[in-house]
1. Could you work out what % of the accessible surface of region 323-435 is carbon and sulfur, using a 1.4 angstrom probe and leaving DNA, RNA and ligands out of the count?
2. For a quick check of understanding: with a 1.4 angstrom probe and all protein chains in place, what accessible area in square angstrom does V391 have, to the nearest ten?
3. What's the local net charge at A196, with K and R +1, D and E -1, over the other residues with C-beta under 13 Å away?
4. Along the Cα→Cβ direction, 7 angstrom out, place labels at Q29 and K324. What is the inter-label distance in nm?
5. Whenever you get a sec, line up M192, M223 from highest to lowest accessible area (probe 1.4 Å, protein heavy atoms).
6. Using a 1.4 angstrom probe, figure out how much accessible area the chain has per residue, in square angstrom, rounded to the nearest whole.
7. Compute the length gained on full extension between A170 and E41: take 0.36 nm times their separation in residues and subtract their Cα-Cα distance, giving the result in nm to one decimal.
8. What does the accessible area of L73 come to, in Å² to the nearest 10, when a probe of 1.4 Å is used?
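The values are calculated or read from the model by the stated rules, or taken from the named source; none is laboratory data. Bear in mind the structure is a predicted one, so any value in this text is a computation, not a measurement. A quick note on method: Cβ atoms are made from the backbone with ideal geometry, for glycine too, and the neighbour counts reach across all protein chains shown. Side chains are part of the model used for accessible areas, which takes the heavy atoms of the whole protein and leaves out ligands, DNA and RNA. Shrake-Rupley method; radii C 1.70, N 1.55, O 1.52, S 1.80 Å.
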Amino acid sequence: MAPGLTAKAEAHTTEPALTKGDAAPSLYQSESPKVLAEKSEKYLLGFGSAVHDEIITGTRGLYFYTANGQKLLDWTSGQMSCLLGHGHPEIVKVITDHAMCLDHTFSGMVSPPVVNLAERLCHMLPGGLDRAMFLSTGGESNEAAIKLAKVYTGNFEVVGLGASWHGVTAQAVGAQFHFGRSGHGPLMPGTMMLPAPNAYRSVFRNNDGSYDWEAELDYGWRMIDLQSCGSLACCIVECIQSSGGMHVLPSGYLKALKRHCEKRGMLLIVDEAQTGVGRCGDFVAINHDDVVPDILTLSKTLGNGLPLSAVVTSDAIHRVSKEKGFFFYTTHLNDPLVAAVGNMVLEIVDRDNLVQHAREVGSVLHKGLRTLMSRYGCIGEVRGRGLMAGVEIVTDRESKSPGSDLAKRIGDRAFEYGIWANLSSHPSFGGVFRIAPPITVTAEQIEQGLEILERAFAETDGSLPLY
């Protein structure tokens, strides 16, 4: 038995059916993996990130299936999007029905799915988030939200957080500071940065060594005030900075941030691309902090993997911005097919009590990850909320030196044994596994994944076993 493994874990991870031999739900089983890889290398345009060696030919439920016949637990919900898992039968039926009868309309037309989704979503959100528009991607929704804030306030300066990720369109990428700003020439004028609220690594400390986020935030705003030309429009923030390493905003941070915005006459935009629709044990993460932003954006989870995003704001902002000529018009604005999917996602989440389920099963996930941390010294910190977790890998806990190479070897081993958890290769990420399984996952499937992770840690040199 591998060191640190329970008998149950050893028995489970040696079961061949976990990764091989399962009938894959693939439309491409006859395609040669070698030929597919060669075509990929020859014809696909690079997009700035490495492409995984394995080619995915099928998905079902909580699993990926590869061209080489491997079955993988998908612990990232695709691109953090398939909230209800892959191929959910009710979602499939909605797609089929609307593809046949009501797929796409002129952008200036409205349809029942769009109206019904707007009504359902606004009723599920706190008061003050009264009106919605629907777009395709998270970057697009953040682009629209920033433009809305600029029109409403008449100002142009935008504040973001270090380690933020909001998309790759002009205003969205200008307001993010994790990655993607270089190589494209000048960005949008008037973008400024607050320090990333990284409790694990911040230099702002109280006398007892605890994280002093209030001093850090006040310091950041003093720097903003010195830089500003007096035209502050908005601040955009994620409740959990996922791409930046799964950093959760400290308790009280979001309320303090809103006070800073109100003091300066600017709007607060909260980007809930990944945290929204139940992922973190609240319908939206702002509920956890009891804060209502001026503008809320949703994407990813709302469409269960289909391109659907939303911008939601108040009646007052809608009225003023309309009077001032706010304009954001795209080909797929308020498309009925994806709106029908979003409506079904919300219906299932509400009907099946999946917010509470995510909270309960998330506690199983975090308890298991903390147990792994007690057994392996290479785990510097476990953080997150609900079914959203980050595991930071370091070379040793005293220096907190990022263990990116070690993390890759652990991730490769875990992939080999049948689980996929995202690990960014970008240096600023610092070697953090991002874990976000579909919220339909069971406690047993969480335990299954934890057992696979433990085997990967146990069998990777440099994991610093503590037993």
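1. Of the solvent-accessible surface of region 323-435, carbon and sulfur hold 50 percent.
2. 10 Å²
3. So the surrounding residues net to -1.
4. Each label point is offset 7 Å from its Cα along the Cβ direction, giving 5.8 nm.
5. Per-residue accessible area, sorted high to low, gives M223, M192.
6. Computed with neighbouring chains in place, this is 43 Å² per residue.
7. Using 0.36 nm per residue and subtracting the Cα-Cα distance, I get 43.6 nm.
8. L73 has an accessible surface of roughly 0 Å² with all protein chains in place.
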